[in-house]
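Below is one structure, written out as structure tokens, with a few remarks after it.
Quick note: the coordinates plus some simple rules give every number you see, no bench work behind them. In this text the structure is predicted, and so the values were computed from the model without any measurement. Glycine gets a Cβ as well: all are built from the backbone with ideal geometry, and neighbour counts include every protein chain shown.
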Amino acid sequence: MGYISIVKTIAVEMVCLGNICRSPMAAAVLYNKALALESPKLIVSSSGTSNFHIGEGAHKLSQKTWEAAGYEYDHVAAQFNPESFETQDFILCMDLTNRAMVLNAAKNDEQRAKVFMLRSFDPALSHIDATSRQGEELVVPDPWGEEIDSYQRVLEMIERATDGFIASLR
């Protein structure tokens, strides 16, 4: 007689402003790193708090950066929907403004408890409270309009934070 293994599934949504640079890059990185996990299984998505780019693909420099690092991911921009509080276990925000907008959409403490800054999972920054004066240190800066090196710095931040996130699940 065989054993039934129960694999926990965790849904994670990355959130930035336009959903074309930071959050799709973070989703690409976490999605690819999660492929190696036996348990928990991660379902990864992303969205933006604005409706500027709904239906568009990722910014070309963002996608070029994650692909150059070996990550494969298809992306179509979407706007954050408060229904995510019902479907997501974690909502990971890229900056304090987007965090505030997501928190403002929450109806109760249970929903608010799902919202984190992505970089709060970076082991070097995990001691920082997003509501403190040091909260700015948790921001993944928006590289939109900048050169490829800005996207590469963002990728490095995201990789450290997603590694920390995965470690926190174990």
Roughly speaking, what % of Cα-Cα pairs in the chain are separated by over 23 Å, rounded to a whole number? 35 percent
What lysines sit close enough to Lys60 to cross-link, taking a C-alpha to C-alpha distance under 29 Å and skipping anything fewer than 8 places away on the same chain? Lys33, Lys41
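For an R0 of 41 angstrom, estimate the FRET efficiency from the Cβ-Cβ distance between Trp144 and Leu37 and round to the nearest 0.05. Mind dumping the intermediate values first?
Working: r = 31 Å, r/R0 = 0.75.
With R0 = 41 Å, the Cβ-Cβ based efficiency is 0.85.
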Using a cut-off of under 16 Å, list every residue of segment 48-91 whose amide N is near the label point 7 Å from the Cα of Arg112 along the Cα-to-beta-carbon line. 85, 91
Residues of type aspartates and glutamates that Lys107 reaches as a straight line, Cα spacing below 17 Å, ignoring anything fewer than 8 places off in the same chain: Glu83, Glu86, Asp89
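At 222 nm, what helix-only mean residue ellipticity would the chain give, in deg cm²/dmol to the nearest 500, using -39500 (n - 2.57) for each DSSP H run of four or more? Please list the in-between numbers first.
Values: 6 runs with 62 residues, N = 170.
One gets -11000 deg cm²/dmol as the mean residue ellipticity at 222 nm.
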